[in-house]
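What follows is one structure encoded as structure tokens, with my remarks underneath.
Laboratory data are not the source of any read-out in this text; all were calculated from the coordinates shown. Computed from a prediction, not measured in an experiment: that's the story for all the values here. Note that we place each Cβ from the backbone using ideal geometry, even for glycine, and neighbour counts take in every protein chain shown.
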């Protein structure tokens with residue numbers, strides 16, 4: 001079971017220079033975390049809210065990256081799983097009076113279970129076929145939400161009571177929610193990194209790069225692909241629940257096909273097979289539509305589309321996917337970067 | 001008797017809608033076979049072509065002349081899009097190319113809204129609208145179906161009997177060997193995009209009198225065409241046509257007999273996916289054989 005590929009092993013057992021590189025890396029990450037923790041005190045409530053949304057989208061895109069980037073399964077339907085998380089939180093809070101923070105575990109659980117259920121038939125589909133199946137899910141989401149209106153409030157959606165920050169911290173609501181989401185994001189990144197850099201992640205990457213060879217090495221392809229689906233939708237559903245809590249409102253229109261496409265675009269712009277790319281993607285999803293609106297009132301989506309084209313022309317592997325090898329080269333004497341070995345393999349066929 | 005009549009009526013109007021899906025599905029399959037890429041902008045390109053036809057007709061040109069000019073413009077436009085906008089991501093990861101086509105979708109939609117506004121416009125139908133065959137179908141449906149069939153026969157003849165059609169197939173099947181035989185693969189790709197844009201334009205012009213013309217007109221059509229292409233098998237042109245027709249009929253029958261229009265799309269898709277679970281490469285598609 002799960003024999004580690006020899007090539008990866010030699011790469012992981014890096015020479016001493018890699019240790020320095022890794023120290024710099026950790027310092028950089030530490031500085032970023034400090035900066036992110038200090039930011040809310042330098043910004044207005046509205047900007048804090050915007051950054052909170054960036055982090056929520058980042059969690060959702062991270063989920064998509066696990067599936068598409070590391071396991072090679074494309075999804076045009078993650079907006080649907082985002083909606084599942086959001087409505088789980090909303091229904092629990094609205095109908096059952098659950099405290100907001102207690103809605104996250106059920107959202108994660110339902111997201112995971114649905115993802116696994118969805119992943120089972122998805123095992124039979126590849127490439128454009130999987131895209132169609134997930135696209136169907138994205139299209140069906142608003143229709144289903146409107147149809148089961150006794151639970152979902154139909155067209156009107158559900159208005160939620162905004163959470164009250166715990167007393168004694170001296171934080172306003174927006175700043176409190178920022179820190180809540182921040183902690184969940186850090187946790188999500190930690191979990192994702194552990195999985196991706198461990199045996200599970202290696203199995204996923206092996207399946208992505210060469211399913212037959214992976215199976216021949218003894219990787220249970222079906223199990224790992226389903227696990228990738230479940231893990232991915234778990235992240236996205238938690239992000240959806242957080243969005244419902246932070247925005248305080250859910251309605252079918254918010255979860256159209258456009259949301260699913262945004263996730264995919266954010267993922268591609270940041271870099272699909274990266275963790276940091278998810279944060280870049282979050283920024284893109286949150287800010288580029290507004291920027292486009294500022295640039296041109298008449299045709300904002302044309303500007304948004306142009307931005308997508310520009311990013312893909314200049315950085316086809318996404319911002320992080322393209323820049324990471326360069327940054328790694330800066331503080332390492334190694335000529336080849338440690339990461340993204342899979343990208344460099346020649347394409348088969 | 002009455003029920004039977006209604007049922008046949010639904011089948012025929014499904015065929016009319018299906019032949020439009022079939023055209024667009026064929027455009028998708030052509031591009032997929034050549035470049036392994038689903039062109040999500042295909043519907044919006046068709047919408048834009050339809051606006052060009054609409055402008056020409058409004059300027060006083062006779063319908064068929066306007067239609068012909070639209071085809072030429074669409075063909076050139078498709079070629080330019082491939083050479084200028086798609087070529088930079090030719091060797092990039094597939095997802096980058098997919099994102100570029102999604103970007104094009106947004107650009108076309110937004111620019112059309114900007115130029116022509118989002119107001120819904122009437123579009124003239126080239127075919128009169130009279131019931132025929134004991135009110136089983138209308139002359140318009142008949143015209144749309146007949147027109148699509150003629151176009152398909154022409155296309156198959158083109159790919160089967162003309163040197164350039166054969167060269168295009170060679171370029172799609174094995175670019176490296178085709179290049180060694182002296183075929184200009186890049187140019188063939190561009191012609192393929194041009195042809196696809198042209199087929200899309202006919203789909204747009206045929207559907208506009210029914211759906212009315214607005215920048216979001218082709219959204220639903222593209223989705224059904226995509227479903228049709230995959231149902232038939234994304235690598236098979238015949239499959240695209242059959243798949244498109246089946247999707248058209250299914251959509252109509254589900255809407256009439258099974259469930260209110262609210263969940264029509266959901267149920268239609270559930271049925272298509274059910275078929276695909278048993279035939280994962282589509283009805284006519286061939287399984288991809290991989291070398292280890």
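Counting only other chains, and only Cβ atoms inside 10 Å, what mean value do you get across the residues of B:90-96?
6
Ignore the peptide's own chain and count Cβ atoms of other chains within 10 Å of each Cβ in B:267-273; give me the average, rounded.
That works out to 3 on average.
Please compute the contact order of the stretch A:47-259 in relative form: average sequence separation of alpha-carbon pairs under 8 Å and at least six residues apart, divided by the residue count, as a percent.
Relative contact order here is 48 percent.
In degrees between 0 and 90, to the nearest 10, how far off the longest principal axis of chain A does helix A:276-295 point, with axes built from Cα atoms?
Tilt relative to chain A: about 50 degrees.
What nm value, rounded to one decimal, do you get for the distance between residue B:59 and residue A:190 when each label is placed 7 Å out toward the C-beta?
Calculated label separation equals 6.6 nm.
What per residue convex hull volume, in Å³, comes out for the stretch A:142-225 when only alpha-carbon positions are used?
So the per-residue Cα hull volume is 179 Å³.
Which order do peptides A:172-180, A:288-296 fall in by mean Cβ count within 10 Å, highest first? Don't skip to the answer; put the middle values down first.
Working: A:172-180: 19.4, A:288-296: 14.7.
Highest-to-lowest ranking by the protection proxy: A:172-180, A:288-296.
Once you have all Cα-Cα distances for the stretch B:2-278, histogram them in 5 Å bins from zero and send the whole-percent values.
So the P(r) values, bin by bin, are 1, 6, 12, 17, 19, 17, 13, 8, 4, 2, 1, 0, 0.
So what is the calculated 222 nm ellipticity per residue for chain A, using -39500 (n - 2.57) for each DSSP H run with n of 4 or more, over all residues, to the nearest 500 deg cm²/dmol?
-23500 deg cm²/dmol, from helical runs alone.
Please compute, for the alpha-carbon atoms of the protein assembly as shown, the extent along each of the three principal axes and give them in descending order in Å.
For the protein assembly as shown, the Cα spread along each principal axis is 78, 62, 48 Å.
How large is Rg over Rh for the stretch B:1-117, taking Rg from the Cα atoms and Rh as the Kirkwood inverse mean of 1/r across Cα pairs?
Across the stretch B:1-117, the Cα-based Rg/Rh ratio is 1.08.
Could you state the number of Å between the C-alpha centres of the stretch B:134-201 and the stretch B:40-98?
Here the answer is 15 Å between Cα centres.
To one decimal place, what Kirkwood hydrodynamic radius in Å is obtained for the stretch A:189-298 from all pairs of distinct Cα atoms?
16.2 Å
In whole angstrom, how far apart do the alpha carbon centroids of the stretch A:42-99 and the stretch A:215-279 sit?
After rounding, the separation between the Cα centres reads 8 Å.
Going from the alpha-carbon gyration tensor of the stretch A:14-108, what semi-axes, largest first and in whole Å, does one get by taking the root of 5 times each eigenvalue?
32, 22, 13
Using packing as a proxy for protection, rank A:55-62, A:216-223, B:135-142 so that the peptide with the highest average count of other Cβ atoms within 10 Å comes first. Could the numbers behind the result be given before it?
Details: A:55-62: 29.1, A:216-223: 14.0, B:135-142: 17.8.
Ranked from most to least packed, the peptides come out as A:55-62, B:135-142, A:216-223.
What's the angle, to the nearest 10 degrees (0 to 90), between helix A:173-197's Cα axis and the longest principal axis of chain A?
That helix lies at roughly 30 degrees to the long axis.
In deg cm²/dmol, rounded to 500, what helix-only [θ] at 222 nm does chain B give when every DSSP H run of at least 4 residues adds -39500 (n - 2.57) and the total is split over its residues?
-24000 deg cm²/dmol
Take peptide A:297-303, look around each residue's Cβ out to 10 angstrom, count Cβ atoms belonging to other protein chains, and average those counts.
6
Suppose we look only past 19 Å in the calculated P(r) of the stretch A:40-157. What percent of the Cα-Cα pairs does that tail hold?
56 percent
Would you mind putting A:230-243, A:297-310, A:140-153 in packing order, based on average other-beta-carbon counts within 10 Å, highest first?
So the peptides A:230-243, A:297-310, A:140-153, ranked by packing, come out A:230-243, A:297-310, A:140-153.
Any idea how far apart residue B:76 and residue B:179 come out in nm if each label point goes 7 Å out from Cα toward Cβ?
Taking the simple label geometry, residue B:76 and residue B:179 are separated by 2.9 nm.
Mind pulling the per residue volume of the convex hull built on the Cα atoms of chain A? Å³ is fine.
With only Cα atoms used, chain A gives 156 Å³ per residue.
Could you give the semi-axes, largest first, of the ellipsoid that matches the stretch B:118-220, computed as the square roots of 5 times the alpha carbon gyration tensor eigenvalues and rounded to whole Å?
In descending order, the three semi-axes are 36, 18, 8 Å.
What order do you get for A:313, B:32, A:255 when you list them from fewest to most C-beta neighbours inside 10 Å?
A:313, B:32, A:255
Kirkwood Rh over Cα pairs of the stretch A:126-170 into Stokes-Einstein at 4 °C, 1.567 mPa s: D in µm²/s?
It comes out at roughly 95 µm²/s.
At a Förster distance of 51 Å, what's the computed FRET efficiency of residue B:187 paired with residue B:11, Cβ-Cβ distance as r, to 0.05? Intermediate values should be presented prior to the final figure.
Values: r = 42 Å, r/R0 = 0.83.
My answer for the efficiency is 0.75.
Cα axis of helix A:78-96 to longest principal axis of chain A: angle in degrees, 0 to 90, nearest 10?
It is inclined by approximately 40 degrees.
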